[in-house]
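As structure tokens, the structure follows; a few thoughts come after it.
The values are calculated or read from the model by the stated rules, or taken from the named source; none is laboratory data. Here the structure is a predicted model, which is why all the values come from computation and not from measurement. In this analysis, Cβ positions are derived from the backbone assuming ideal geometry, glycine residues included, and neighbour counts consider all displayed protein chains. Areas reflect the complete protein model, heavy atoms only, side chains present, ligands, DNA and RNA absent. Shrake-Rupley method; radii C 1.70, N 1.55, O 1.52, S 1.80 Å.
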Amino acid sequence: QVQLVESGGGLVQPGGSLRLSCAASGSGFGIKVMAWYRQAPGKQRELVATISSSGSTNYADSVKGRFTISRDNAKKTVYLQMSSLKPEDTAVYYCNRAGILKDPWGQGTQVTVSS
């Protein structure tokens, strides 16, 4: 059974930075295309960034140039470096597989951007 545990969220001022981590358990992490998602209050969960097993990345237009997704397959961990944060980045951030097949969702980590 795969478990995903997100961490690293918090309260940050506009323009600030945060680094999120997602630790995965179970097998097969290295071959999965992983992704970060976020869900703001009253909104649907949206895809933020994806990273393939070889490290190819894609980003939502809203975060391109500000966020960087990376992974460490040996540690079974995926990261999201967030910079130049804006109030509209406020959301609960989750990691999971990209695509239709999903592992059980973790609890997410809250990111709040406010002065």
Q. Where residues in segment 45-65 are under 12 Å from the mean Cα position of the chain (by Cα) and either on the phi > 0 side of the Ramachandran plot or among the β-branched types (V, I, T) (or both), which of them is most open to solvent (accessible area, probe 1.4 Å)?
A. T50
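Quickly run through segment 32-44 and pick out the residues that are open to solvent by 30 Å² or more (accessible area, probe 1.4 Å), under 16 Å from Q3 (Cα atoms) and free of Cβ contacts under 8 Å to residues at least 60 places away in the same chain. Let's see the steps before the verdict.
Our first condition is that a residue be open to solvent by 30 Å² or more (accessible area, probe 1.4 Å); within segment 32-44, this holds for 33, 39, 41-44.
Keeping just the survivors that are under 16 Å from Q3 (Cα atoms) gives 33.
Answer for segment 32-44, where residues must be open to solvent by 30 Å² or more (accessible area, probe 1.4 Å), under 16 Å from Q3 (Cα atoms) and free of Cβ contacts under 8 Å to residues at least 60 places away in the same chain: there is none.
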Q) Restricting attention to segment 76-115, and to residues there that are closer than 28 Å to G30 by Cβ and among the β-branched types (V, I, T), which single residue is most open to solvent (accessible area, probe 1.4 Å)? A) I100
(Q) Against the condition modelled with pLDDT of 95 or more, among the aliphatic types (A, V, I, L, M) and within 19 Å of W105 (Cβ to Cβ), how does V2 come out, does it pass? (A) no
Q.
Condition first: modelled with pLDDT of 95 or more, closer than 15 Å to R97 by Cβ, out of contact with any Cys (no Cβ under 7 Å at 6 or more places or on another chain) and open to solvent by less than 30 Å² (accessible area, probe 1.4 Å). Now tell me which residues in segment 5-31 satisfy that.
A. A24
